[in-house]
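The values are calculated or read from the model by the stated rules, or taken from the named source; none is laboratory data. Everything numeric here is computed off the predicted structure, so don't read it as measured data. No Cβ is skipped: glycine too gets one built from the backbone with ideal geometry, and neighbour counts run over all protein chains shown.
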Amino acid sequence: MKRTVPLMIVLVGGVLMMIQYFIPHRISQSVFDSYTTWIPIIGAFALILGVGSLTRLHGHKVRHRAPNWPYSLAVILSIYLMPVFALLLPVSVGGGMNSPSVFDFAFMHILVPIQSTMFSLLAFYIASAAFRAFRAKSLLATVLLLTAVVVMIGQVPIGELLGSWFPKLGLWIIDFPNNAAKRAIGLGVGFGILATQLKIIFGVERNWLGGVGD
Amino acid sequence: MKENIWGRMLNLDRRWIFLFIGVVCIVPFFVPFGLPVIPTRHVISIFDYIEELGPENAIFVSFDFDPGTDPENMPMAVAITRHAFARHIPVFFTANGPLAQGMLESGFAYITNPLSEGYFHVVSWSEWASYREMGITDRSELEAAWEADGHVLPDNAAGWVFEGRDFAKLGYLPYFSLVILGMTSSIAAQYPEDMNGNPLVEMPMLQEHKNLREVDLATTFSGTAACTWWITFGREKIGLPVAFGVTAVSATDYTIFIQSGQIVGQMGGLRGAAEYEVLLQQRGYFDKPDRAFVGMDVQNAAHLLILFFIVLGNIAYFAGGFHKKGVLLKGRR
């Protein structure tokens, strides 16, 4: 029962949605509308499950003073305080239109700089990696190196100063050799996804059941 | 064994590299180069497409990115929105995640900040309620009636934007890919209210554009593959024209959609945003380009420095004979 019911739901739901996509009829559309209404509702329960699981995991670490437990405390405080700020203090503490609410302040002045900083670090590591690893060790490595240089310089205005052909060559590399390779990879990935989805819908692939019924 | 100069060069402490990158990223802000940015056809095609639209049309501007890619994606979204506002094209704003909704708020605040030059002055939904009651919802009539009542556009403003007539902030809903699918049937069914709690069905722009089939363009700004949702569920299902604004690292992933004709065009990275800003300036919409153009100086310097390091690394590698030895040096930090 624990295995059959979920498999049936996936089979019926999967096949129905596949067929629905190709039938431009009112009934088909209403089936689709009710599906799209249900999915966020189910997702809301998953959210409760996720927050509960996260709280239990990090609560355990804090209680037992596990290594790096202060990070767990930060997770718990953040996950609960941000909704509290949003719901209980929706307006500015200081008042006035230009003074942001606590939630806005935490978002704009804590979260945004943290994420931006993490992403910005890429520039430093890319520079270091380019110096260390970009070597013309072989013919293929040399082709890769030259391609990278042309595209990189073609992307910035200095490339146009070096010669108008520079950005054009960079764009040509992106438009033709790059597109050919990307299309091949995309088709491969697409067929892989299709095969996996069919295996799940028809019950061949059952890992998502988490071992229930084995 | 004592290292020669090439060996020492290859073993350069990476903290020096970090320092150089830090310096070249900061200096251009104080000493701008102002090198010209020449728009490419991928960006011109988006600009020209929007040039054909007017108050009777509508577009979506979807903030599908989080703070990590804000420096690249935000200027694109800002440039497109300013273009649309300048042409009085109604804009629906959406976001594909909770953090993206914060980006939407931030971008909108930037465009409508009264302290900045060329901002758009917002008239909120409640402020022009009396005009709606009088049946004035046409864009040009509304602006004329608003100004006839003594409202004066501030000197540093580029124009009025009426909430519900010129824009609607729809924001984020969970499972955004399904939201796009749902909007192909009805926008109001997905978003009964906007982010400010205003009823969407009463908004003139929604009454004229009830679903994505009645929308003329969807622009998505993203640092992930989320932008392709608009193709899968918008372009392919109902033929919705789509334009991309993506980060530089992912730009090459999506040029296939330009070649296949599935997207109108694409802004790739900060460069794409700078190109759009230059087009806005060249066509007389604004006096000067915005933040992306300034940022291009940093990219210029950083790209040149990285190129310098690549050349230096290869010179040291070959001149030191390390290509023959086939061993890596030890003790590298």
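Restricting the search to helices (runs of 4 or more DSSP H) fully inside the range A:130-187 and requiring at least 2 residues that are polar (S, T, N, Q) gives A:139-154.
Among the residues of the range A:142-193, those that are touching a helix residue (DSSP H, G or I) at 6+ places or on another chain (Cβ under 8 Å), within 15 Å of B:ILE256 (Cα to Cα) and either of a type in the set (Val, Ile, Thr) or more than 11 Å from every other protein chain (Cβ to nearest Cβ) (or both) comprise A:ILE173, A:ILE174. Check the range B:20-30 and report whether any residue there is within 13 Å of chain A (Cβ to nearest Cβ), surrounded by 15 or more Cβ atoms within 10 Å (Cβ to Cβ) and of a type in the set (Phe, Trp, Tyr). Yes: the range B:20-30 contains one or more residues that are within 13 Å of chain A (Cβ to nearest Cβ), surrounded by 15 or more Cβ atoms within 10 Å (Cβ to Cβ) and of a type in the set (Phe, Trp, Tyr).
Let's see how each residue does on (1) at pLDDT 95 or above; (2) closer than 28 Å to B:PRO39 by Cα; (3) touching a strand residue (DSSP E or B) at 6+ places or on another chain (Cβ under 9 Å):
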| site | (1), (2), (3) |
| --- | --- |
| A:LEU162 | no, yes, no |
| A:LYS168 | no, yes, no |
| A:ILE174 | no, yes, yes |
| A:ASN178 | no, yes, no |
| A:LYS182 | no, yes, no |
| A:GLY188 | yes, no, no |
| A:LEU198 | no, no, no |
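Would you check which residues across the range A:28-42 are at the interface with another protein chain (Cβ under 7 Å from one of its Cβ atoms) and not hydroxyl-bearing (Ser, Thr, Tyr) and list them? Hits for the range A:28-42 are A:GLN29, A:ASP33, A:ILE39, A:PRO40. Could you tell me whether B:GLU236 is closer than 22 Å to B:THR224 by Cα, among the charged types (D, E, K, R) and either more than 9 Å from chain A (Cβ to nearest Cβ) or out of contact with any Lys or Arg (no Cβ under 8 Å at 6 or more places or on another chain) (or both)? Taking the combined requirement at face value, the residue satisfies it. Exactly one residue among B:PHE257, B:PHE221 is closer than 30 Å to B:GLU51 by Cα and free of Cβ contacts under 8 Å to residues at least 40 places away in the same chain, and that residue is B:PHE257. Against the condition under 25 Å from B:GLY182 (Cα atoms), away from every other protein chain (no Cβ under 14 Å) and assigned to a helix (DSSP H, G or I), how does A:VAL10 come out, does it pass? When the stated conditions are applied, A:VAL10 passes them. Checked across the range A:39-49, the condition of being more than 16 Å from B:TYR175 (Cα to Cα) and at pLDDT 90 or above holds for at least one residue. Whenever a residue of the range A:16-39 is farther than 15 Å from B:LYS237 by Cα, its partners that are among the aromatic types (Phe, Trp, Tyr) and modelled with pLDDT of 85 or more, lying with C-beta atoms within less than 6 angstrom and at least six residues away or across chains, give the pairs A:ILE39/B:TYR175. Considered as a group, the residues in the range B:90-114 that are touching a His at 6+ places or on another chain (Cβ under 9 Å) and surrounded by fewer than 23 Cβ atoms within 10 Å (Cβ to Cβ) include one that is farthest from the other protein chains (Cβ to nearest Cβ), and that residue is B:THR112. Per this entry, A:GLY163 is not counted among residues that are over 30 Å from B:ALA301 (Cβ atoms) and surrounded by fewer than 17 Cβ atoms within 10 Å (Cβ to Cβ).
With respect to B:HIS83, determine if the residue is in a helix (DSSP H, G or I) and modelled with pLDDT of 95 or more. When the stated conditions are applied, B:HIS83 passes them. Residues that are among the aromatic types (Phe, Trp, Tyr), away from every other protein chain (no Cβ under 11 Å), assigned to a helix (DSSP H, G or I) and in contact with a His (Cβ under 8 Å, 6 or more places away or on another chain): does the range B:48-68 have at least one? No, there is no match, as no residue in the range B:48-68 is among the aromatic types (Phe, Trp, Tyr), away from every other protein chain (no Cβ under 11 Å), assigned to a helix (DSSP H, G or I) and in contact with a His (Cβ under 8 Å, 6 or more places away or on another chain).
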